[in-house]
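Note sheet for the following structure.
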């Protein structure tokens, strides 16, 4: 019976809809690019009422008669940017808590914290994120005592910029019961006061939940606000789709609630925060593309190691600046292979967080071992692929492993990476061109909220290996820059393919969604300096304008735009 | 920006769709009924392509020209039946495990179990349900030793028909670690061998998880099959909507997966199995009606007591057949009120399981206390309302509490209820007419899979208080029968209102969904004996035929039916 019902529904779906209103967008300098970097230029496009592209036109092609028309005013149009690695709810929640990412010193941070606490007397906990002792030039971790001096009346918990360490005051440590006699959990580290066993204030990686689990959980209505704030920010950067790396069940429910209510704007490719969450959310396999290609559970995120800054990244040899330390292993060996197998056997995608040389090698080993069983259609991803042993770079190509990298990390991390690894072990560090040359599919992201999701900056870094100040002159290890075309593809078609969005979005071709951005300049023609000046003027998703730099018109339909 | 986008979507929705294909169903003896029991008869109806009724026609009204036409062949049409209390996944899973509900004696059951074990050598556990020592006339609980005699090589776990007790063999008890030294958890009871502390084999209520938690969890693909089987069975009984009482997160994900895939046929009004599950699923409040009014999380199910058969029901006085026992309290007091408040403050509905007199009084007390805070729109439900103290019946009306009752329970339970309560405490037992007369909104259900979801039988019991054999002659406490109209309303409009389905389904009126059943006779005109003979000929949900007793045509569209 059910089968027959399905056939009936299928039959209904096949009845062609009556001709609906199409929209012509003309007078544009249109650019599309495939994931190999092949560029197509065009002068106009037409999308239908469902927001799908039905026609791409070249200069001189006769313009079709459509119900609506948008004048592109000669501007540059590129595919909507896709962030291949981010944390959507982390971004949104970060926008709702104390943001320390702009602080320039410990003193600056403490003053910011003190002011925030005074301005928010009703908050039982002071929660924040974004600190970076490297950026402060502190030469050590901040301490509970530092915090106690400015907030003593209630607990404080502040996540490091990379999410791999947390900074607590004494009140928070007390609530968490973290004392001199607390042992560091496996995969984590409680920083101790020198010459003592007493906790110093910072908890690394797997030790973080000792305090974090005591923080009052976010309410569903707060989550809804966080998602809205995250989406607002993303579309302002021209981002029309993002891979969410580490989706909790609560996150997923928040996405679905938004989808059900018509509040889901940005397309989300979700990777569950663990195998149990993946199975609960997906059930028999990845979900369908829901809400007109706005949400899909692709698979699972597995963490092999921590971050380089907190010395959690797994290295094949000792940290240069911490002899005897090689990082904190999270998952590996048989556990890793079992999780990967559990996911792959039901068609889920596996995205493996691997920062250090040992983690990358372990991930590649596991993929190679499982490769015989799960061959076609498995798009294995390694997230970050940050410090890869030179011998392993070629394996990305041989195994067809997606290198999901974050260009801006390179500029943020370069001094720290030099300190952690020393000058002689940087050959496979942030080695984008080598990875691409080896045949690895590239996908570019920001790791938002670890970095601000500025795709324009990401493009500039990818082609120059310089930061916003143009430092270092000529670029850091400039032999690993990529071409303008590779950079744009990494943030569009490459990122779409890496998240099973290909055929739906990522390119401006017939049949895909009309997700596009109007830019102030052509990123394939501009100098590095000029690239940095490119502005996102408008962002459109599925044929609907969702951001306008002029501050109005977003969300209006095409009719409003051409004044009819 | 998001707000503007929403406005844009809203504007799109307001554009009237072009005229779509309507379907006329004529030549029918149509019956609709409101929840007060007021009957409307009609001769034809028209529904649109979305499955919504757009016209109701009387004999002699000019027939509209429509694209499609279905000849009702003079048959009786009633609104689709709604089961106000069931367990959808329990039904489906029950259809996938050993079914003991048809067994007539312990020996019969043991033979069935032995045959099943032999036929399923690959199953690591033998799982089943449906046994009833009362029906067997056993005079005691079955034991592990009984089971060991037929299955000794692997664990066996069999749930009682009411789901409030489980029967384990020695292997299962061993795996669960249930021994003479295991204490019964609060709210549960480990039955012991007389003159010993050794477990006898049956675990009641809160003791059940000791074994049940060791049973391998259902896989997602098994859950999908279970849901499909449940739906097939429900539509064969004319059931087009059901309240799911105790939805787990896994259940909810199964429903959503079906909805996303277009496999959700029956409308489900879901009540989460606890407050944490409710909050995780619903987030900020009840979900919207999803999938064209096929799924909504309404709120939460709270359990105040167990069942009468297992002496878990909470009584104000001792069990007649077990002096000193008054049942097993599950939630009550401040906990109950806090849970109710947590739900009500976000607009969730609360359905309170209350079987015994003390549980019903506790539920009413809590509702009365909270009533001052949560007045309008809170449709408090008491599930079962089985044995109500005569003084409390009027309070259902005063407080506007929905009495969600299961007529067939009365016939299954009457001998057991007489034994448990004695003859003098039956005045408020299964007191449907008194509850209705007091002003309680009535909603009728089956408690499937505790009872087979046979609505026709439910109607016959409701109006006669006799079982399928016509016993007892003249009905058991016949002063508590309801009218034919009340009975039909309880299984249609009353059940819809109790689950916030009113205005969407439950009646055959313009604007509601075309959910209807063709019956072989008129349940408002037939004698009790003739009522029992009524057959469900076809079941339609949202204008689509989903069941045909002739075994074909289900799922075909209207075109196929009228041969064009």
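Every number here is computed from the coordinates shown, using simple stated rules; none is lab data. Predicted model, so just to flag it, every value in this text is computed and none were measured. Virtual Cβ from ideal backbone geometry, glycine too; neighbours counted across all protein chains shown.
Structural remarks
- Centre separation in Å (Cα based) which lies between region B:467-527 and region B:387-443: 18 Å
- By the count of neighbouring beta-carbon atoms within 10 Å, fewest first, A:75, A:288, B:69 end up ordered A:288, A:75, B:69.
- DSSP beta bridges fully contained in chain B are about 45 percent antiparallel.
- Here the simple spin-label model places points 7 Å from the Cα toward Cβ, and for residue B:175 and residue A:49 these points are separated by 5.6 nm.
- Using only the C-alpha atoms, the convex hull of chain A corresponds to 165 Å³ per residue.
- Mean partner shielding of peptide B:242-250, defined as the number of other chain Cβ atoms within 10 Å of each residue Cβ, is 1.
- Normalising the Debye intensity of the protein assembly as shown to I(0), with uniform scatterers on Cα atoms only, and taking log10 at q = 0.05, 0.07, 0.09, 0.10 Å⁻¹ returns -0.40, -0.77, -1.17, -1.32.
- Between the beta carbons of residue B:317 and residue B:520, assuming R0 = 56 Å, the FRET efficiency works out to 0.75 to the nearest 0.05.
- For residue A:248, inter-copy label distances in nm, listed shortest first [label point 7 Å out on the Cα-Cβ vector]: 2.2
- Counting beta carbons within 10 Å around each of B:105, B:446 and listing the fewest first gives the order B:105, B:446.
- Across region B:264-327, the volume of the C-alpha convex hull divided among the residues equals 116 Å³ per residue.
- Fewest-first ranking of A:281, A:53, A:352, using other Cβ atoms within 10 Å as the exposure measure: A:53, A:281, A:352
- Where N is the number of residues in region B:211-353, Cα Rg divided by 2.2 N^0.38 Å: 1.20
- Between the helical axis of A:2-14 and the longest alpha-carbon principal axis of chain A there is an angle of about 60 degrees.
- The helix-based estimate of mean residue ellipticity at 222 nm for the protein assembly as shown, built from -39,500 (n - 2.57) per DSSP H run of four or more residues and divided by its residue count, is -9500 deg cm²/dmol to the nearest 500.
- Dmax and Rg, reported as Rg then Dmax, of region B:220-503 (C-alpha, Å): 18.2, 54
- For region B:66-222, fraction of C-alpha pairs farther apart than 26 Å, in %: 34 percent
- R0 of 51 Å, Cβ-Cβ distance residue A:225-residue A:483: FRET efficiency to nearest 0.05: 0.80
- Helix B:220-236 axis, angle to chain B major axis (alpha carbon atoms, nearest 10°): 60 degrees
- Between the Cα long axis of helix B:357-371 and the first principal axis of chain B there is an angle of about 50°, rounded to the nearest 10.
- Based on C-alpha pairs under 8 angstrom that are at least 6 apart in sequence, chain B has a relative contact order of 17 percent.
- Largest to smallest principal axis extent of the C-alpha atoms in region A:151-263, angstrom: 55, 25, 25
- Modelled this way, with points 7 Å down the Cα-to-C-beta line, the labels at residue A:468 and residue B:145 are 8.1 nm from one another.
- With R₀ set to 51 Å, the beta-carbon distance separating residue A:63 from residue A:427 gives a calculated FRET efficiency near 0.45.
- Between residue B:39 and residue B:372, the contour length at 0.36 nm per residue exceeds the Cα-Cα span by 116.4 nm.
- Projecting label points 7 angstrom from Cα along Cα→Cβ for residue A:105 and residue B:452 puts them 8.3 nm apart.
- Inter-part distance where region A:28-51 and region A:158-202 are each reduced to a Cα centre, Å: 51 Å
- Inter-copy label distances at residue A:419, using a point 7 Å along Cα-to-Cβ, come to 7.8 nm with the shortest given first.
- Distances between copies of residue A:107, taken at a point 7 Å out from Cα along the Cα→Cβ vector and listed shortest first: 9.5 nm.
- Computed extension gain for residue B:73 through residue B:248, at 0.36 nm per residue and net of the alpha carbon distance, reaches 58.7 nm.
- DSSP-defined beta bridges in region B:125-213 - what % are antiparallel, rounded to 5: 65 percent
- Cα extents of region A:125-213 along the three principal axes, largest first (Å): 31, 28, 27
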